[in-house]
Each structure stands twice: as structure tokens, then as C-alpha cells.
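To start, the structure under review is shown below, and the notes come after it.
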Amino acid sequence: MKKFLVCLIVLSFALPSQAAFWNKKNKALEAELQGKGYAGTLPDIGKGQNGGKKVKTASPIFEVKDGFNDPKDLKPIPRDNPAFVDIIQKQDKTSEYVKDANEIIPMLEKLMDSIEDEESLQLFVSKANMLTMNIDHIMQKYEGQPESYYESFKKLAEVNRYTKSISTLRREAVTYQRYLAYTESGSIYNPENISQQLEYLKEELNSAILLLREEG
């Protein structure tokens, strides 16, 4: 019992000295770590879990100008400017077809003039070839499109076939007429038949011209 009392007395004197020692050690450690660690308050984690998050709203990145929709500040549409009419405004396929078809009209007229003026075979074939090549282009471009149902499209197809046929007939007649003049097959190459075919072609050319101008 005496030993226990002695130990209590010793501890009572030792505790204050140890407390002073640890207090000095903590202050020295705090001075050493000053500015090296996080100095502040920790975030409240509970706020993020209980739905306390703030909603951010977006703001425009430009300033609204007063009078932006004022009719006085609006510029008129440049309707007379070809660049606006041909490029800015979209053209539908119908107008494009009409434009392509109108380019055929002068070729039809030139071939008609060639027949009426009874030009040489070389001039006739040259103008006929120019016409058929351009009609072939239109046939390929609009085949299967709504434009292929136009009356002018069908008429151009007929003129194209007939022009090619007459052009071939006239070329062959120069070679075969002298040899087949007295046979039944040679009758298609005689001048009278060729003249009749040319007159029929001229009527078809004129009909196509009138139809194209009507649709244009």
C-alpha cells in the first residue's frame, strides 16, 4: 500500500513536466510546418450529399444591340444583282431543264436553215451531229427524273432519233445509190425519198422549237 502511494506521488510530479515537454514539441512542429501544408477549413462534405448544390445559369457571350430588328437598318434584297439571283437563290430542277432546253433551240433552227437552204452534205451532217450530241446530254441528265415526262423531253427524243437516221441515210446514199438504183432496197436512197424525209424532219424540228418556247 505504501508503494502504491509512493507511485502516485511520483506521477503527480512527472505529469506536469511531461505536459510542458509535449506542449513545447507541438509548438516547435507547428512553427516548422508553417506555410507548408493546408491552412484553412475543410469543406462540408454533407452539403454535397444532401442536395445543396447550386445551379449555374449560362449567360450570352454577346451583347444584344438595340434596334437589331429595326426595319430601317435592314438592307433590301439585291434582286437586280445576277450574283444573288443565280447563286444565292436556289434554282429548282425545272428551271435548270428549261435553261438546258433553251440552249437546244438555236441548234434546231440552224438545222432547219440547212434543210431549207439545201446546204451541202458536210454542213448538214456537222449541224446534225452538234444537235444530237447536245440532245444526248439532256437525255442522260434527266433520264428517270420528273423532267423526262415533259412533252418537250419526249419531242426532243423523237427529233434526236430521226435526225440521226436522216444523217445516216444521206451519208449512205452517196455510197450506195449508184449500186442500188435499180433494186427495191435502193429506193430508200433515191433523191425523192431523201427530200421527203428531210421535209418531215424540218416539220419535227419546227414542232420541237414551238414546244420548247411554250414550256420556257
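Report, by residue number, each residue of the stretch 110-133 that is farther than 16 Å from GLU204 by Cβ and not aliphatic (A, V, I, L, M). I'd like the intermediate steps shown before the answer.
Initially, the stretch 110-133 is screened for residues farther than 16 Å from GLU204 by Cβ, giving 117-123, 125-126, 129-130, 133.
Result: ASP117, GLU118, GLU119, SER120, GLN122, SER126, ASN129.
Only one residue in PRO146, PRO71, PRO76 is modelled with pLDDT of 60 or more and more than 30 Å from LEU201 (Cβ to Cβ). Which one?
Matching residue, one of PRO146, PRO71, PRO76: PRO76.
Filter the stretch 118-129 down to residues that are part of a helix (DSSP H, G or I) and of a type outside the set (Lys, Arg) and give me whichever is surrounded by the fewest Cβ atoms within 10 Å (Cβ to Cβ).
Step by step, filter the stretch 118-129, then rank; the result is GLN122.
Take the residues in the stretch 176-204 that are of a type in the set (Gly, Ala, Ser) and modelled with pLDDT under 80; name whichever of them is surrounded by the most Cβ atoms within 10 Å (Cβ to Cβ).
This residue is GLY186.
Would you confirm, using the coordinates I've provided, whether THR132 is at negative phi, surrounded by 12 or more Cβ atoms within 10 Å (Cβ to Cβ) and at pLDDT 95 or above? Reasoning before the result, please.
Numbers: at negative phi: yes; surrounded by 12 or more Cβ atoms within 10 Å (Cβ to Cβ): yes; at pLDDT 95 or above: yes.
Yes.
Can you work out which of the residues in the stretch 81-117 that are modelled with pLDDT under 60 and assigned to a loop (DSSP other than H, G, I, E, B) is surrounded by the most Cβ atoms within 10 Å (Cβ to Cβ)? Break it down stepwise before answering.
Step one: list which residues in the stretch 81-117 are modelled with pLDDT under 60, which gives 82-94.
Remaining after also requiring assigned to a loop (DSSP other than H, G, I, E, B): 89-92.
Details: GLN89: 9, LYS90: 6, GLN91: 12, ASP92: 8.
So, considering only residues that are modelled with pLDDT under 60 and assigned to a loop (DSSP other than H, G, I, E, B), the one surrounded by the most Cβ atoms within 10 Å (Cβ to Cβ) is GLN91.
Test SER148 against the stated conditions and say whether it is assigned to a helix (DSSP H, G or I), under 32 Å from the mean Cα position of the chain (by Cα) and of a type in the set (Ser, Thr, Tyr).
So SER148 passes the test.
Within the stretch 101-127, track down each residue that is farther than 18 Å from LEU212 by Cβ, free of Cβ contacts under 8 Å to residues at least 40 places away in the same chain and not acidic (Asp, Glu).
Here is the first cut: in the stretch 101-127, the residues farther than 18 Å from LEU212 by Cβ are 114-126.
Of the ones still in play, those that are also free of Cβ contacts under 8 Å to residues at least 40 places away in the same chain are 114, 117-120, 122-123, 126.
SER114, SER120, GLN122, LEU123, SER126 - these are the residues of the stretch 101-127 that are farther than 18 Å from LEU212 by Cβ, free of Cβ contacts under 8 Å to residues at least 40 places away in the same chain and not acidic (Asp, Glu).
The values are calculated or read from the model by the stated rules, or taken from the named source; none is laboratory data. Keep in mind that what you see is a predicted model, and the values were worked out from it rather than measured. No Cβ is skipped: glycine too gets one built from the backbone with ideal geometry, and neighbour counts run over all protein chains shown.
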